[in-house]
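The values are calculated or read from the model by the stated rules, or taken from the named source; none is laboratory data. All values reported here derive from a predicted model rather than from experimental measurement. Please note: Cβ atoms are built from the backbone with ideal geometry, for glycine as well, and neighbour counts cover all protein chains shown.
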Amino acid sequence: MDDNLEKLAKSVKTFTPQMLEPPYSGIPTFFGAPHQPEIKDMDIALVGVPFDLGVTNRSGARLGPREIRNQSRLVGVYNHYSRMSPFADYRVADVGDVPFHTTYNLDEALKDIESFYRKMSSANVLAITAGGDHSITFPILKGLSSKEKVGLIHFDSHCDTSAPFHGSGLQHGCPMRNAVEAGLVDPKRTVQLGIRGAAELLWQFSYDSGMRVIHIEEFYELGMKKVVSEIKSRVGDGPVYISFDIDCLDPAFAPGTGTPVVGGMSSFEALQVLRGLSGLNVIGGDLVEVAPPYDPSGITALAGATLMFEIFCLAASSQAPGTSGPN
């Protein structure tokens, strides 16, 4: 390592030579972060959850974390918009994937996820996650649960507040309802945006519980700035979790997902909304439903990695160094 790189390495909390290597080289980790399976001596954990037993249509999201890791090397470590890097002030590590005792039992697998995230909560580590299907959000929130209900900013084409459906109340159409009913999420501090499509009849719980649902048509009528203003007003200063289903994007930008719905956001619009959320108390987030088998080009995984990095930056910028983790 030459003198300039050595100075750089000493000036930041997290540095690996891999961050500066070509993106096709080395063993892929999220954004080139060090791989550290043991949850200790870190502020922020980047986690993979390779799981898709909760899908109602096409499987394949179990392969999402691996391909998001690959594409994340193209995203890099620096956010040009916010002019910051989470790696500068925080000890960050890719802790690998959630280990499962079974990959054939939905109920038991979700318990494994909850247990893994409870360890991070106990260690006061903030977690940013790549899924996996959307069923994983409920056990993540259970594992990260604190005394205070969290607000929720939910990007999706579906509200995911269905009653038990097709024989399960834990599948990926139910996590947000489950989180509210379990007392983890405050529906009055919840915004669901990008919603559209034929599944609308399943989402009555969102309206009955007081969630703010912004359909894609209203999103365009209001404009991004007004949407951002309403989100920030709605969730306030309390802790908030961000969950981003890649099918919030139009299939033109994210074809590799299990339940694509035409007429969604562009990747640019999604990025601008996330960037507008600066200043919120973000205590964690996930990027889910990237299914690489349906997009061999990698466009969907690249979009997922980029959006995951924005959530990562939001969470990092909302924490004072040394105080990461749920409030």
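Among the residues in segment 118-125, are any in contact with a Pro (Cβ under 7 Å, 6 or more places away or on another chain), touching a residue at least 12 places away in the same chain (Cβ under 8 Å) and among the hydroxyl-bearing types (Ser, Thr, Tyr)?
Step one: list which residues in segment 118-125 are in contact with a Pro (Cβ under 7 Å, 6 or more places away or on another chain), which gives 121.
Imposing the further condition that a residue be touching a residue at least 12 places away in the same chain (Cβ under 8 Å) reduces the set to 121.
Subset that is among the hydroxyl-bearing types (Ser, Thr, Tyr): 121.
Among the residues of segment 118-125, at least one is in contact with a Pro (Cβ under 7 Å, 6 or more places away or on another chain), touching a residue at least 12 places away in the same chain (Cβ under 8 Å) and among the hydroxyl-bearing types (Ser, Thr, Tyr), which makes the answer yes.
Is there a residue being under 21 Å from Phe268 (Cα atoms) and out of contact with any strand residue (DSSP E or B) (no Cβ under 9 Å at 6 or more places or on another chain) anywhere in segment 149-171?
Pass one, segment 149-171, residues under 21 Å from Phe268 (Cα atoms): 153-158.
With the extra rule that they be out of contact with any strand residue (DSSP E or B) (no Cβ under 9 Å at 6 or more places or on another chain), the set shrinks to none.
Checking segment 149-171: not a single residue is under 21 Å from Phe268 (Cα atoms) and out of contact with any strand residue (DSSP E or B) (no Cβ under 9 Å at 6 or more places or on another chain).
Which residue is farthest from Phe116 (Cα to Cα), if the candidates are limited to segment 16-52 and must be in a loop (DSSP other than H, G, I, E, B) and among the small types (Gly, Ala, Ser)? Steps first, answer last, please.
Taking segment 16-52 first, the residues in a loop (DSSP other than H, G, I, E, B) are 16, 21-29, 33-34, 36-43, 50-52.
Right, trim to among the small types (Gly, Ala, Ser) and you get 25-26, 33.
Values: Ser25: 30, Gly26: 27, Ala33: 20 Å.
Looking at residues that are in a loop (DSSP other than H, G, I, E, B) and among the small types (Gly, Ala, Ser), I get Ser25.
Looking at (1) among the aliphatic types (A, V, I, L, M); (2) touching a strand residue (DSSP E or B) at 6+ places or on another chain (Cβ under 6 Å); (3) closer than 17 Å to Lys225 by Cα, which one does Leu277 not meet, given that it meets all the others?
(2)
Conditions: (1) in contact with a His (Cβ under 9 Å, 6 or more places away or on another chain); (2) outside any strand (DSSP E or B); (3) of a type in the set (Phe, Trp, Tyr). Phe244 meets all but one. Number of the miss?
(2)
Can you name the residue in segment 178-205 that is of a type in the set (Lys, Arg) and buried (at least 18 other Cβ atoms within 10 Å of the Cβ) and is also farthest from His154 (Cα to Cα) among such residues?
Result: Arg196.
For every residue, the table says whether it meets (1) β-branched (Val, Ile, Thr); (2) crowded, with 18+ Cβ neighbours inside 10 Å; (3) closer than 20 Å to Thr190 by Cβ.
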site: Ser229; (1), (2), (3): no, no, yes
site: Lys232; (1), (2), (3): no, yes, yes
site: Val240; (1), (2), (3): yes, yes, yes
site: Ala254; (1), (2), (3): no, yes, no
site: Ser267; (1), (2), (3): no, yes, no
site: Val273; (1), (2), (3): yes, yes, yes
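Show the residue pairs that are 6+ apart or on different chains and have beta-carbon atoms under 8 Å apart, the first residue being within segment 35-54 and farther than 23 Å from Asp133 by Cβ and in contact (Cβ under 8 Å) with a residue 60 or more places away in the chain, the second being buried (at least 18 other Cβ atoms within 10 Å of the Cβ) and charged (D, E, K, R).
Pairs that qualify, where the first residue is farther than 23 Å from Asp133 by Cβ and in contact (Cβ under 8 Å) with a residue 60 or more places away in the chain and the partner is buried (at least 18 other Cβ atoms within 10 Å of the Cβ) and charged (D, E, K, R), are His35/Asp94; Met42/Arg91; Asp43/Arg91; Ile44/Arg91.
Looking only at strands (runs of 3 or more DSSP E) that fall completely inside segment 88-165, which ones have 1 or more residues that are closer than 27 Å to Leu274 by Cβ, of a type in the set (D, E, K, R) and within 15 Å of the chain's Cα centre (by Cα)? Full working, then the answer.
Working: elements: 92-97, 126-131, 150-155.
Passing ranges, in order: 92-97.
Hey, Ser324 hits all of (1) crowded, with 22+ Cβ neighbours inside 10 Å; (2) assigned to a loop (DSSP other than H, G, I, E, B); (3) at pLDDT 95 or above; (4) not acidic (Asp, Glu) but one; which does it fall short on?
Answer for Ser324: the failing condition is (3).
Going by the conditions given, is Leu193 touching a strand residue (DSSP E or B) at 6+ places or on another chain (Cβ under 7 Å) and either aliphatic (A, V, I, L, M) or in contact (Cβ under 8 Å) with a residue 24 or more places away in the chain (or both)? Break it down into steps so the answer makes sense when it comes.
Values: touching a strand residue (DSSP E or B) at 6+ places or on another chain (Cβ under 7 Å): yes; either aliphatic (A, V, I, L, M) or in contact (Cβ under 8 Å) with a residue 24 or more places away in the chain (or both): yes.
Against the criterion (touching a strand residue (DSSP E or B) at 6+ places or on another chain (Cβ under 7 Å) and either aliphatic (A, V, I, L, M) or in contact (Cβ under 8 Å) with a residue 24 or more places away in the chain (or both)), Leu193 qualifies.
Among (1) in contact with a helix residue (DSSP H, G or I) (Cβ under 6 Å, 6 or more places away or on another chain); (2) over 22 Å from Val180 (Cα atoms); (3) in contact (Cβ under 8 Å) with a residue 24 or more places away in the chain, there is one condition Gly96 misses while meeting the rest; what is its number?
Single failed check for Gly96: (1).
Quick check on segment 237-245. Is at least one of its residues within 16 Å of Leu193 (Cβ to Cβ), within 17 Å of the chain's Cα centre (by Cα), of a type in the set (S, T, N, Q) and at pLDDT 95 or above? Steps first, please.
Filtering segment 237-245 down to residues within 16 Å of Leu193 (Cβ to Cβ) leaves 240-245.
Next cut, within 17 Å of the chain's Cα centre (by Cα) only: 240-245.
Imposing the further condition that a residue be of a type in the set (S, T, N, Q) reduces the set to 243.
Next, only the ones that are at pLDDT 95 or above stay: 243.
Looking through segment 237-245, at least one residue is within 16 Å of Leu193 (Cβ to Cβ), within 17 Å of the chain's Cα centre (by Cα), of a type in the set (S, T, N, Q) and at pLDDT 95 or above.
With the requirement that a residue be in contact with a helix residue (DSSP H, G or I) (Cβ under 6 Å, 6 or more places away or on another chain) and not β-branched (Val, Ile, Thr), what does segment 136-153 give you?
Phe138, Pro139, Leu141, Lys142, Gly143, Leu144, Gly151 - these are the residues of segment 136-153 that are in contact with a helix residue (DSSP H, G or I) (Cβ under 6 Å, 6 or more places away or on another chain) and not β-branched (Val, Ile, Thr).
Pairs only if they're at least six apart or on different chains, beta carbon under 8 angstrom, first in segment 69-81 and free of Cβ contacts under 8 Å to residues at least 60 places away in the same chain, second among the hydrophobic types (A, V, I, L, M, F, W, C) and surrounded by fewer than 21 Cβ atoms within 10 Å (Cβ to Cβ); list them, first residue then second.
Listed by first residue and then by second, the contacts come to Tyr78/Met84.
Among the residues of segment 300-310, are any of a type in the set (Phe, Trp, Tyr), closer than 22 Å to Ser82 by Cβ and in contact with a helix residue (DSSP H, G or I) (Cβ under 8 Å, 6 or more places away or on another chain)? Please lay out each step first, then the result.
Taking segment 300-310 first, the residues of a type in the set (Phe, Trp, Tyr) are 309.
Checking which are closer than 22 Å to Ser82 by Cβ leaves us with 309.
Keeping just the survivors that are in contact with a helix residue (DSSP H, G or I) (Cβ under 8 Å, 6 or more places away or on another chain) gives 309.
Taking every residue of segment 300-310 in turn, at least one turns out to be of a type in the set (Phe, Trp, Tyr), closer than 22 Å to Ser82 by Cβ and in contact with a helix residue (DSSP H, G or I) (Cβ under 8 Å, 6 or more places away or on another chain).
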